[in-house]
Amino acid sequence: MCMLLSCVHLIHQPLRRIQSWFVLPSRSFMDLKALVSSLNDFASLSLAESWDNVGLLVEPSPPHSVSTLFLTNDLTEEVMQEALQKKADLILSYHPPIFRALKRITWNTWKERLVIRALEHRVGIYSPHTAYDAIPHGVNNWLAKGLGACTTIPLRPSMAPSYPTEGTHHVEFSMGHTEHLETVISSIQKIPEISSLITVPARAEGEEQTRVSLNCTQKALLEVVALLSQNSLLYHKTEIMLLQKPLLPYTGMGRLCTLSEPVSLSDLVERIKSHLKLPHIRLALGMGKTLESQVKVAALCAGSGSSILQGVEADLYLTGEMSHHEVLDAVANGISVILCEHSNTERGFLSELQDMLTTYLENKINIIVSERDRDPLHVV
Ligand SMILES: [Zn+2]
């Protein structure tokens, strides 16, 4: 009966409406604030380097709905033109198009023109940059896939964004003279930035004691230690522990990749070319190495990796760019170097990102990848 009713219902629809019902995709739109919140959940901006400029960089006046999210590695003026033609409502530019402070917004420089064009056409700009380098499912993870089967660990692991408890230090001490307990506790409570102050009855060496524990900041620690020193007869067995931020698994800058099976350098070059879809890459052979030398361990960093790769023991460094002298240093240490130009080691991630975000955002919006975004350098 239900089927019959729905058929009758369809028959009475105007033909044009029935067609659009079948043809139009189910995607709708998301409010910009909700979308930015989802993007921040997908990759926490707290994982970005402290020097970086990440997040929502350009915001049209609210409310702003996003139906089309446009992905690019670099937001050049040519790419902005493409984004406008494709009716983007938000541009996700991996590299932040605004990095240094802008003191004016005029038509004089291309970065300023990007802001003007974005706001005039009501297009937001969001940049995740090094947050995407750090996440387990991010740019470096994608680059490592080009090496073949391997286990990877971050070269510089990320730490959890906050301490597990308030404060940076944990202090514990015992007091045997309970008549002074109230005085000491009262003095401690007056120190700012003290938390989790707890007293517990304890017995040590046959004596009734009170075990006091607290958390505090570095600044408060100095005052706590000074107070305890003044009352040196009152306490003993003082312990001070640094509260470490826990390391996040599989998260951080660069990757150290141990291949399941060692592979010749020449074979690895072909794998990397295939993964990055490049006809040419640059290779510096490590001292004493040949194209037939076996590679077991490769250290990589998407983009400009020298600061992360420096001093790492490996058979190979893979990154976008390194200076002449940094390459000489690596080669002298017997480490071969493959350079692919900066953004060539990043851009291919956008296709994976498109699929991941489509699923993550439950297909609510249209997500497209720029076709004009490219590395400015070509081998001719
Ligand atoms: Zn980069």
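The values are calculated or read from the model by the stated rules, or taken from the named source; none is laboratory data. Keep in mind that this is a model prediction, so the values were computed, not measured. Quick reminder, even Gly has a Cβ in these numbers, built from the backbone with ideal geometry, and neighbours come from all protein chains shown. In case anyone asks, the SASA skips ligands and DNA or RNA and just uses the protein heavy atoms, side chains included. Shrake-Rupley method; radii C 1.70, N 1.55, O 1.52, S 1.80 Å.
With the convex hull of its Cα atoms as the shape, the chain has an orientation-averaged projected area of 33.7 nm².
Debye calculation, C-alpha points only, no solvent: report log10 I(q)/I(0) for region 169-242 at q = 0.21 Å⁻¹, in the same order as the q values. Debye curve over Cα of region 169-242, log10 I(q)/I(0) at q = 0.21 Å⁻¹: -0.87. Using a probe of 1.4 angstrom and keeping all protein chains present, the accessible surface of the chain works out to 55 square angstrom per residue. Which shape class applies to region 112-210: rounded if a/c is under 1.5, otherwise prolate when a/b exceeds b/c and oblate if not, where a ≥ b ≥ c are the square roots of the Cα gyration tensor eigenvalues? Cα axes put region 112-210 in the oblate bin. Measure nothing fancy, just the Cα-based angle from helix 32-42's long axis to the longest principal axis of the chain, in degrees from 0 to 90, nearest 10. Computed tilt is about 60 degrees.
Highest mean packing comes first when the peptides 84-95, 245-256 are listed by Cβ atoms within 10 Å, giving 84-95, 245-256. Helix 349-360 and the longest principal axis of the Cα set of the chain meet at an angle near 80°. Summarising the label geometry, the points placed 7 Å from Cα in the beta-carbon direction at Leu102 and Thr358 lie 3.2 nm from one another.
Taking the highest mean first, how do the peptides 354-364, 47-57 order by number of other beta carbon atoms within 10 angstrom per residue?
47-57, 354-364
What a 1.4 Å probe finds exposed on region 157-300 is 57% carbon and sulfur by accessible area, rounded to a whole percent. For region 205-257, a simple Cβ point-charge model (Lys and Arg +1, Asp and Glu -1, everything else neutral) yields a dipole of about 480 debye relative to the Cα centre. Other residues with beta-carbon under 13 Å from the beta-carbon of Val212 carry, at +1 per Lys or Arg and -1 per Asp or Glu, a net charge of -1. Considering only beta bridges that DSSP places wholly inside the chain, some 70 percent are antiparallel. Once backbone amide H atoms are built at 1.01 Å from N, Gln209 has Ala202, Arg203, Ala204 as its partners under 5 Å, excluding neighbours fewer than 5 places away on the same chain. A simple spin-label model places pseudo-atoms 7 Å from Cα toward Cβ; at Ser44 and Ser61 they are separated by 3.6 nm. Using the Cβ-Cβ distance between Glu112 and Gln310 with R0 set to 41 Å, the FRET efficiency from 1/(1 + (r/R0)^6) comes to roughly 0.70. On a per residue basis, the convex hull of the C-alpha atoms belonging to region 37-81 measures out at 126 Å³. A simple count of charges around Ala101, restricted to other residues whose Cβ falls under 13 Å of its Cβ and scoring Lys, Arg +1 and Asp, Glu -1, yields +3. As a rough guide to protection, the peptides 212-219, 277-284 ranked by mean Cβ packing within 10 Å, highest first, stand as 212-219, 277-284. Subtracting the Cα-Cα distance of Gln244 and Ser195 from their residue separation scaled by 0.36 nm leaves 16.0 nm.
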